[in-house]
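The values are calculated or read from the model by the stated rules, or taken from the named source; none is laboratory data. Predicted, not measured: the structure shown is a model, and the values here were computed from it. Cβ: placed from backbone, ideal geometry, glycine included. Neighbour counts: every protein chain shown.
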Amino acid sequence: MGGIQLSIASRLELVRLLGQAVRGICQGLPFSGEEVDALELAVCEAANNAIKHAYKGKPDGLVRVNVVVNDTGLVICVQDRGASLEDTTKLANDLSVPRSVNELPEGGMGLFLIRKAVDSVGYKAGDPDNVLVMRKAFSKQSK
(Lines give C-alpha, C1' and ligand atoms only; values in the text may rest on other atoms or scores of the structure.)
Protein backbone atom coordinates (compact mmCIF):
# COMPACT_ATOMS: atom_id res chain seq x y z
CA MET A 1 0.00 0.00 0.00
CA GLY A 2 1.36 3.42 -0.90
CA GLY A 3 1.05 6.57 1.13
CA ILE A 4 2.90 7.97 4.10
CA GLN A 5 4.17 5.26 6.42
CA LEU A 6 4.90 5.81 10.10
CA SER A 7 5.92 3.34 12.78
CA ILE A 8 6.72 3.27 16.48
CA ALA A 9 7.76 0.65 19.00
CA SER A 10 4.77 -0.52 21.04
CA ARG A 11 5.36 1.98 23.83
CA LEU A 12 2.53 4.24 25.00
CA GLU A 13 4.83 7.23 25.45
CA LEU A 14 5.53 7.21 21.67
CA VAL A 15 1.87 7.28 20.56
CA ARG A 16 1.73 11.08 20.63
CA LEU A 17 4.33 11.14 17.83
CA LEU A 18 1.92 9.28 15.55
CA GLY A 19 -0.83 11.71 16.48
CA GLN A 20 1.33 14.74 15.79
CA ALA A 21 2.40 13.36 12.40
CA VAL A 22 -1.20 12.66 11.38
CA ARG A 23 -2.20 16.15 12.57
CA GLY A 24 0.50 17.66 10.36
CA ILE A 25 -0.71 15.69 7.34
CA CYS A 26 -4.37 16.58 7.95
CA GLN A 27 -3.72 20.29 8.44
CA GLY A 28 -2.73 20.51 4.78
CA LEU A 29 -5.99 18.88 3.65
CA PRO A 30 -9.58 20.15 3.37
CA PHE A 31 -10.62 19.29 6.94
CA SER A 32 -11.98 21.60 9.62
CA GLY A 33 -9.97 22.14 12.80
CA GLU A 34 -12.39 19.92 14.72
CA GLU A 35 -11.97 17.14 12.15
CA VAL A 36 -8.17 17.37 12.41
CA ASP A 37 -8.40 17.15 16.22
CA ALA A 38 -10.70 14.12 15.97
CA LEU A 39 -8.49 12.33 13.42
CA GLU A 40 -5.40 12.84 15.57
CA LEU A 41 -7.28 11.46 18.57
CA ALA A 42 -8.61 8.48 16.55
CA VAL A 43 -5.10 7.48 15.47
CA CYS A 44 -3.83 7.78 19.04
CA GLU A 45 -6.72 5.68 20.36
CA ALA A 46 -6.15 3.01 17.70
CA ALA A 47 -2.42 2.87 18.49
CA ASN A 48 -3.12 2.76 22.24
CA ASN A 49 -5.52 -0.15 21.66
CA ALA A 50 -2.87 -2.02 19.65
CA ILE A 51 -0.29 -1.53 22.40
CA LYS A 52 -2.60 -2.32 25.33
CA HIS A 53 -4.57 -5.18 23.81
CA ALA A 54 -2.67 -6.70 20.88
CA TYR A 55 0.77 -6.44 22.48
CA LYS A 56 -0.53 -6.58 26.09
CA GLY A 57 1.71 -3.60 26.93
CA LYS A 58 4.93 -5.30 25.84
CA PRO A 59 7.33 -2.74 24.30
CA ASP A 60 8.92 -5.07 21.75
CA GLY A 61 6.17 -4.86 19.10
CA LEU A 62 5.71 -2.45 16.23
CA VAL A 63 2.69 -0.24 15.50
CA ARG A 64 2.55 0.95 11.92
CA VAL A 65 0.33 3.67 10.51
CA ASN A 66 -0.19 4.12 6.79
CA VAL A 67 -1.90 7.33 5.62
CA VAL A 68 -3.22 7.47 2.06
CA VAL A 69 -4.70 10.65 0.60
CA ASN A 70 -6.86 10.34 -2.50
CA ASP A 71 -9.22 12.66 -4.40
CA THR A 72 -12.09 12.19 -1.97
CA GLY A 73 -10.46 11.86 1.42
CA LEU A 74 -8.13 10.01 3.69
CA VAL A 75 -7.55 6.35 4.52
CA ILE A 76 -5.62 5.55 7.70
CA CYS A 77 -4.53 1.99 8.48
CA VAL A 78 -3.19 1.12 11.93
CA GLN A 79 -1.38 -2.23 11.92
CA ASP A 80 0.12 -4.52 14.53
CA ARG A 81 1.28 -8.13 14.76
CA GLY A 82 0.00 -8.80 18.25
CA ALA A 83 -3.02 -10.77 19.40
CA SER A 84 -6.07 -10.12 17.25
CA LEU A 85 -9.43 -9.04 18.60
CA GLU A 86 -11.40 -12.02 19.83
CA ASP A 87 -14.87 -10.75 18.96
CA THR A 88 -14.40 -9.46 15.42
CA THR A 89 -18.04 -10.08 14.53
CA LYS A 90 -19.20 -7.58 17.13
CA LEU A 91 -16.49 -5.17 16.06
CA ALA A 92 -17.29 -5.42 12.37
CA ASN A 93 -21.01 -4.95 13.00
CA ASP A 94 -20.62 -2.24 15.58
CA LEU A 95 -17.72 0.02 14.59
CA SER A 96 -19.55 2.13 12.04
CA VAL A 97 -22.57 2.69 14.29
CA PRO A 98 -22.12 5.69 16.60
CA ARG A 99 -23.34 5.16 20.14
CA SER A 100 -23.98 7.68 22.90
CA VAL A 101 -21.44 8.13 25.69
CA ASN A 102 -24.02 6.79 28.16
CA GLU A 103 -24.15 3.44 26.34
CA LEU A 104 -20.41 2.84 26.45
CA PRO A 105 -19.06 -0.16 28.33
CA GLU A 106 -16.22 0.58 30.72
CA GLY A 107 -13.06 1.00 28.68
CA GLY A 108 -15.00 1.51 25.44
CA MET A 109 -14.25 5.20 24.99
CA GLY A 110 -11.45 4.62 22.46
CA LEU A 111 -13.66 2.88 19.91
CA PHE A 112 -16.39 5.46 20.50
CA LEU A 113 -13.95 8.28 19.72
CA ILE A 114 -12.71 6.49 16.61
CA ARG A 115 -16.30 5.99 15.40
CA LYS A 116 -17.08 9.66 15.92
CA ALA A 117 -13.95 10.83 14.08
CA VAL A 118 -14.29 8.93 10.81
CA ASP A 119 -16.92 7.95 8.27
CA SER A 120 -16.20 4.22 8.33
CA VAL A 121 -14.07 1.73 10.21
CA GLY A 122 -13.07 -1.80 9.29
CA TYR A 123 -10.92 -4.47 10.90
CA LYS A 124 -9.00 -7.46 9.55
CA ALA A 125 -7.45 -9.91 12.00
CA GLY A 126 -4.04 -11.52 11.57
CA ASP A 127 -2.32 -13.13 8.59
CA PRO A 128 0.12 -11.67 9.61
CA ASP A 129 -1.09 -8.15 10.50
CA ASN A 130 -4.14 -6.94 12.37
CA VAL A 131 -5.34 -3.88 10.48
CA LEU A 132 -7.80 -1.22 11.59
CA VAL A 133 -8.87 0.83 8.56
CA MET A 134 -10.40 4.28 9.07
CA ARG A 135 -11.83 6.35 6.21
CA LYS A 136 -12.69 10.04 6.30
CA ALA A 137 -14.06 12.03 3.34
CA PHE A 138 -12.96 15.61 2.88
CA SER A 139 -15.40 18.03 4.45
CA LYS A 140 -17.59 19.87 1.97
CA GLN A 141 -17.40 23.26 3.70
CA SER A 142 -13.57 23.18 3.91
CA LYS A 143 -12.96 22.82 0.16
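A compact table of results
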| quantity | calculated |
| --- | --- |
| Test: residue in the range 7-21 that is in a helix (DSSP H, G or I), at pLDDT below 95 and polar (S, T, N, Q) | no |
| Selection from the range 78-99 of residues that are modelled with pLDDT under 75 and either in a helix (DSSP H, G or I) or closer than 21 Å to residue 136 by Cβ (or both) | 88, 89, 90, 91, 92, 93, 94, 95, 96, 97, 98, 99 |
| Matching entry among 46, 50, 83, 42 (being surrounded by fewer than 19 Cβ atoms within 10 Å (Cβ to Cβ) and small (Gly, Ala, Ser)) | 83 |
| Residues (closer than 17 Å to residue 83 by Cα and either of a type in the set (Asp, Glu) or surrounded by fewer than 13 Cβ atoms within 10 Å (Cβ to Cβ) (or both)) located in the range 110-143 | 127, 128, 129 |
| Contacts under 8 angstrom Cβ, first residue in the range 47-64 being in contact (Cβ under 8 Å) with a residue 40 or more places away in the chain, partner hydrophobic (A, V, I, L, M, F, W, C) and assigned to a loop (DSSP other than H, G, I, E, B), 6 or more apart | 54/83; 55/83 |
| Residues of the range 112-129 that turn out to be farther than 21 Å from residue 40 by Cβ and in contact (Cβ under 8 Å) with a residue 12 or more places away in the chain, as a count | 4 |
| Test for residue 13: is it touching a residue at least 60 places away in the same chain (Cβ under 8 Å), of a type in the set (D, E, K, R) and either loosely packed, with under 14 Cβ neighbours inside 10 Å or in contact with a helix residue (DSSP H, G or I) (Cβ under 8 Å, 6 or more places away or on another chain) (or both) | no |
